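Working notes for the structure below.
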Amino acid sequence: QVQLVESGGGLVQAGGSLRLSCAASGRSFSSYAMGWFRQAPGKEREFVAAVSWTNHNTYYADSLKGRVTISRDNAQNAVYLQLNSLKPEDTAVYYCAALRRSSRYANPDDYDYWGQGTQVTVSS
């Protein structure tokens, strides 16, 4: 069992940056790949980024590549998402999730555990 709690969201002007954090508790955090997704009102949940359990491999949505960076600290049981050059269309609830037995990092249905989400709002 893994519990995930996101933080770091908020209101930011277009062009600004945010760093989201996800704190994990429970056993074997380091054996999970970790992902970030987002969901805007009226839209489906969208893959943002993922990092393998070793932190050696990262994966990004093509639409966000170059503006986001995912990282993890297994010693701190945490995963981070750096968001840069934010745009109003980045406004969404951002979720972190843990993945154990799949390499389909962009597929939300494959993830085992989810956090409650943190709201990111980008004003124009």
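FYI, it's all coordinate maths here, none of it is from the lab. Here the structure is a predicted model, which means the values were calculated and not measured. Cβ: placed from backbone, ideal geometry, glycine included. Neighbour counts: every protein chain shown.
Evaluate the charge dipole of segment 1-115 about its Cα centre and quote only its size in Debye, nearest 20, assuming +1 on the Cβ of each Lys and Arg and -1 on the Cβ of each Asp and Glu.
Result for segment 1-115 is approximately 160 debye, rounded to the nearest 20.
Would you kindly state how much longer the chain becomes between VAL5 and ALA61 on full extension, computed as 0.36 nm times their sequence separation minus their alpha carbon distance, in nm to one decimal?
So the chain would gain 17.9 nm between VAL5 and ALA61.
If R₀ is 30 angstrom, what is the calculated FRET efficiency for the pair SER85 and SER31, using the beta carbon separation as r and rounding to 0.05?
Result of the calculation: an efficiency of 0.35.
Output the relative contact order of segment 18-96, whole-number percent, from Cα pairs under 8 angstrom with separation of 6+ residues.
38
Considering Cα pairs under 8 angstrom that are at least six residues apart, work out the relative contact order of segment 76-117 and quote it in whole percent.
36
Considering the Cα positions of segment 84-124, please state its Rg to one decimal place and its Dmax as a whole number of Å.
Taking only Cα atoms of segment 84-124, I get Rg and Dmax of 13.0, 40 Å.
SER124 versus ASP110, label points 7 Å from Cα toward the beta carbon: distance in nm?
Taking the simple label geometry, SER124 and ASP110 are separated by 3.6 nm.
Hey, any idea what the orientation-averaged projected area of the convex hull of the chain's Cα atoms comes to, in nm²?
Answer in nm², one decimal: 6.8.
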